[in-house]
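For reference, the structure discussed in these notes is given below.
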Amino acid sequence: MIAVVADDFTGAAELAGISLRYGLKVELYTGEVVANDADVLIVSTDSRSLKKEAALETTADVLKQIIALNPVFIYKKIDSVLRGYVLDELNVQMQLSGKLKAIVLPANPSLGRTINNGEYFIDDKRITETGFVHDPEFPVNSSFIKEMLNDDRIKVLKYSDFLPDQGIIIGEATTIDHMKRWASITDQSFVLAGAGDFFTAILNSRYAVRLQEKVVLQLPYLYVCGTAFNERKKFISRINEELGCVCYMPDEINEEWLTKTCSIIKEKGKAVLAIDESNISALELRTTMAKAVKQIVEREHVKELFIEGGSTAAAILEECKIRQLSPVNELQRGVVRMKAHDLLITVKPGSYELPEEIKRLFTI
C-alpha cells in the first residue's frame, strides 16, 4: 500500500485521480484512518486552513496512524505554489519516520508551473506577476524559493547536482523529463513530497496506465464555487446572465434564501452557489456555505455535487459528516469524482480549469 498525506482536500483528490489512471484502488479519508485493501490510501488533513499549532498536531496524528499501517512509502502532498506550513509539516514527518532528508518537488511542468535558477514561474511569468500575490491566506511576495519558504537552510538543486545526506531539498524542474529523473534517483531514505507531477512520475515508474470508464453525470446538480479567482467569477456571472441559476451566498442563510435556491433546482435541475461580496471572514463564509449545502442536498436529493476550492470542500464534508470517499473518475487533472453513500462529489482546486463535462452543464 502507498500512503498519501495531503494538506488540503483538493490536493488529496488530485492524487486520487492520478492513482485511478493506473487502475489502482483508492480510498480517501478526512478523519480517522481505517485499514483496508486499498492500493493507495489518501488522507486529507486540511491543515492548510488551520492555525499553525493545530496544523502540526493534526499532521502528526495522521502520520502516526499511517506509519502504524506500514505502507511501502508515504508521499506528502503539498501545495504546488508552496502555500501552507510546508517545511514545518515536513519536519514533523521526518522526525516521526526517522529520516534525515527530504526531496520536495513542488513544480508542475505539465501545468506550466516550473522552478528554475531558484525561482518559481507560472507560464514563464514569475509567480509574483500572477494572482497568487493576492491569496487571502498565504499571499506570495517573492518568486525566489528560499524567500517563499522563508528559510535559507533549504537547498534548491537540480537532479544532476550532488544530493546532501540530510536536510530538505527543493528540486528544480522545468519539464516532465526532469520529474522522471528525480523519481529515478530517490529511494526509501528520503521523505518524498511535492505536487501532482512528481507523484505521477513515481507511479509511472511502477505501474502502467489503464483505460478509465466513461463518466455519466446524474441530475440534479449543485455547483459550489468557493474560490475568489477572477476567471471563475466571470464564468459564474455569465451563468447567471444566461441561465439565471446562480444563488449568491448571504452572510447568514435564512429560509427565504434556501427556498429560492431549492426552487431553482426544482425548475432547472441545477443551481450554483457562489460568493459575491461579503463582510464576514473566509472561515465564517466557508462554514455558512457548508451549512447551506447540507440543507440543499438533503431537501432536493442532489445527486452530483461539484465543489471548487479545497477549504470549501473540507468544510462541506465536515458539515455533512463525510469521512471516507471512494474515487471513481478523473474528469481531468485535479478534477476528481468520488462517491460517498448516494452522493457523487467532484472537487477541484480553485486555480485549475473546469473540465468541459461540467462547463457544458452550465452553458446554453
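Test of understanding: extend the Cα→C-beta vector of residue 262 to 7 Å, then name every residue of the stretch 287-304 with backbone N under 19 Å from that spot. Label zone hits: 288-304. Across the stretch 265-276, coupling constants 3J(HN,Hα) worked out from phi with the 6.51/-1.76/1.60 Karplus curve, θ = phi - 60°, read 5, 4, 6, 9, x, 6, 7, 10, 9, 9, 9, 9 Hz, and Gly and Pro carry x.
The string of couplings for the stretch 354-361 from the Karplus curve (6.51, -1.76, 1.60, θ = phi - 60°) is 6, x, 4, 4, 7, 4, 5, 5 Hz, one whole number per residue in order, with x for Gly and Pro.
Scalar couplings 3J(HN,Hα) for the stretch 176-192, obtained by applying the Karplus form with A = 6.51, B = -1.76, C = 1.60 to θ = phi - 60°, are 5, 4, 4, 4, 5, 5, 4, 4, 6, 9, 8, 8, 6, 7, 9, 7, 9 Hz; x denotes Gly and Pro.
Under the combined filter of DSSP loop state and at most 16 neighbouring Cβ atoms within 10 Å, the stretch 92-171 retains these GluC sites (Glu not before Pro): 137.
Excluding the site residues themselves, the longest part of the chain lacking any trypsin sites (Lys or Arg not before Pro) in a DSSP loop with at most 11 other Cβ atoms within 10 Å is 215-320.
Applying 1/(1 + (r/R0)^6) with r as the Cβ-Cβ distance of residue 322 and residue 189 and R0 = 56 angstrom yields a FRET efficiency of 0.95.
Assuming a ≥ b ≥ c are the square roots of the Cα gyration tensor eigenvalues, decide whether the stretch 1-133 counts as rounded (a/c under 1.5), prolate (otherwise, with a/b larger than b/c) or oblate. Note, shape of the stretch 1-133 comes out prolate.
Computed over the Cα atoms of the chain, pair by distinct pair, the Kirkwood hydrodynamic radius stands at 20.9 angstrom.
Element breakdown for the stretch 74-220 at a 1.4 angstrom probe: carbon and sulfur atoms account for 48% of the accessible area. Averaged over its residues, the chain has an accessible area of 45 Å² per residue, based on protein heavy atoms and a 1.4 Å probe.
Under Stokes-Einstein, with the Kirkwood radius over Cα pairs standing in for Rh, what whole-number D in µm²/s applies to the stretch 296-349 at 4 °C and 1.567 mPa s? Rounded, D is 114 µm²/s. Coordinate range of the alpha-carbon atoms in the stretch 159-206 per principal axis, descending: 26, 22, 16 Å.
Across the chain, Cα pairs under 8 Å and at least six residues apart give a relative contact order of 20 percent.
How high is the relative contact order of the stretch 12-136? Use alpha-carbon pairs under 8 Å, at least six apart in sequence, and give a whole percent. Relative contact order comes out at 14 percent. Computed over the stretch 210-310, the quotient of the alpha carbon radius of gyration and 2.2 N^0.38 Å is 1.10. Using Cβ point charges alone (K and R +1, D and E -1), the dipole size of the chain about the Cα centre works out to roughly 840 debye. Structure shown: which of 125/348; 99/321; 52/303; 99/158 lie over 27 Å apart, alpha-carbon to alpha-carbon? The answer is 99/321; 52/303. With a Förster radius of 56 Å applied to the C-beta separation of residue 237 and residue 158, the computed FRET efficiency comes to 0.80. Ranked by solvent-accessible area (1.4 Å probe, protein heavy atoms only, all chains present), the residues 276, 88, 165, 197 order from largest to smallest as 165, 276, 88, 197. Here the spin labels are modelled as points 7 Å beyond Cα on the Cα-Cβ line, and at residue 129 and residue 294 they lie 4.6 nm apart. Here the sum of -39500 (n - 2.57) over DSSP H runs of 4 or more residues, divided by the residues of the chain, equals -10500 deg cm²/dmol at 222 nm, to the nearest 500. Once the chain from residue 287 to residue 252 is taken as fully extended at 0.36 nm per residue, the excess over their C-alpha distance is 11.6 nm. Only protein heavy atoms count here; on that basis, with a 1.4 Å probe, residue 104 has an accessible area of about 0 Å².
The values are calculated or read from the model by the stated rules, or taken from the named source; none is laboratory data. Everything numeric here is computed off the predicted structure, so don't read it as measured data. Cβ atoms come from the backbone with ideal geometry, glycine included; neighbour counts cover every protein chain shown. Surface areas here come from the heavy atoms of the whole protein model, side chains and all, with no ligands, DNA or RNA. Shrake-Rupley method; radii C 1.70, N 1.55, O 1.52, S 1.80 Å.
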